[in-house]
1. For E261 and T291, what does the FRET efficiency come to when R0 = 45 Å and r is the distance between their Cβ atoms, rounded to the nearest 0.05?
2. Would you mind counting up the charge near L213? Only other residues with Cβ under 13 Å from its Cβ, with Lys and Arg at +1 and Asp and Glu at -1.
3. Multiply the residue separation of A108 and A299 by 0.36 nm, subtract the distance between their alpha-carbon atoms, and state the gained length in nm to one decimal.
4. What are the extents of the Cα atoms of segment 68-137 along their three principal axes, in Å, largest first?
5. Express the Stokes-Einstein translational diffusion coefficient of segment 36-84 in µm² s⁻¹, to the nearest whole number, given a Kirkwood radius over alpha-carbon pairs, 25 °C and a viscosity of 0.890 mPa s.
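Here, each number is a calculation from the coordinates, and none is a lab measurement. Being a predicted model, the structure only gives us computed values, none of them experimental. Glycine gets a Cβ as well: all are built from the backbone with ideal geometry, and neighbour counts include every protein chain shown.
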Amino acid sequence: MLDALFFGAHPDDVELSSGGLASLLAFHGHAVGIADLTRGERGTRGTVEERGAEAAVAARELGVLWRGNLDLPDLGLARGDRAQQAALVACLREHRPRLVVAPDPDDAHPDHVEASRLVARACYLAGLARFDADLPHTTREPRAASREARAATRDPRPALGGCPAGARRVPGAHFAGAPRGPGGGPAEAHEVPGGGAADGPVRHRPERLLFALYRGAAPAHLVVDVSAVWEQRMRAVRSYASQLDSAHGPATYLTAPGFLEEIEARARALGALIGARYGEGYRLRGPVPITDARALLPAGLDGGAR
């Protein structure tokens, strides 16, 4: 079971948009996972083998517990494809995250747009008892593309509860001394009542869905201070040498001079909005529920009424 699950259309998408939040949650002891929808096989640079190995290294840098790949078609993501919907629903039902982070749809890359819509739709469909009754209920085993990549992600410990056999913990993922929940594990995820063996896998609808901003111009609804894990985030980004090294392969916007500085500038601008050094921006659907008015008070206030 995962507390938070981050979805990216390709390996490196999560690192470039929401890696700081993933690393922060892992640092605080939460079970965090990353699901790459495709292997990036249509990308201009890098082989599937290279990108798979780089993704494993990046996951360890962020400190996440699990990373898998749904092996959907690169440049072929489609929000209305029932088989693709079923793959994401199965992933959500197996890992049962309370928080899901998806790409923001305000993006020029068609796969990022479709991934955003797919994840949003799957979060709703995963809570319907009768969805996917005629399709397999298991997530495809995350496929390491090479012997080296498989070795990099294999762990002798048992797989995380609810994961398929091939979904491995990322070795060395936990920060030393990171606090854990009661009993040493993550808190229990929300379950939609009524699911059970009689109607297939227990249905599950995540409690919160965030859309991570990348290069779009949409204003952020909330900004997360990621200053404490900025170096980990950037080490994870730099793990993708096949995408960033301008000396090898065709030129792309990722190999342009100043690309890494552009990432930092964007984070500095977002951080400045909240008085932090570095920030990540997110959008959400609907209002943020406040069930305890004290949540609106600035942190650290220890006086006044209770």
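1. Working: r = 41 Å, r/R0 = 0.92.
It comes to 0.60.
2. On the way: positive: R215, R266, R283; negative: D13, D104, D106, D107, E280.
Spelling it out: positives minus negatives among the neighbours equals -2.
3. Going from the current span to full extension adds 65.0 nm.
4. If we take the Cα atoms of segment 68-137, the spans are 34, 24, 21 Å.
5. On the way: Rh = 12.0 Å.
It comes out at roughly 205 µm²/s.
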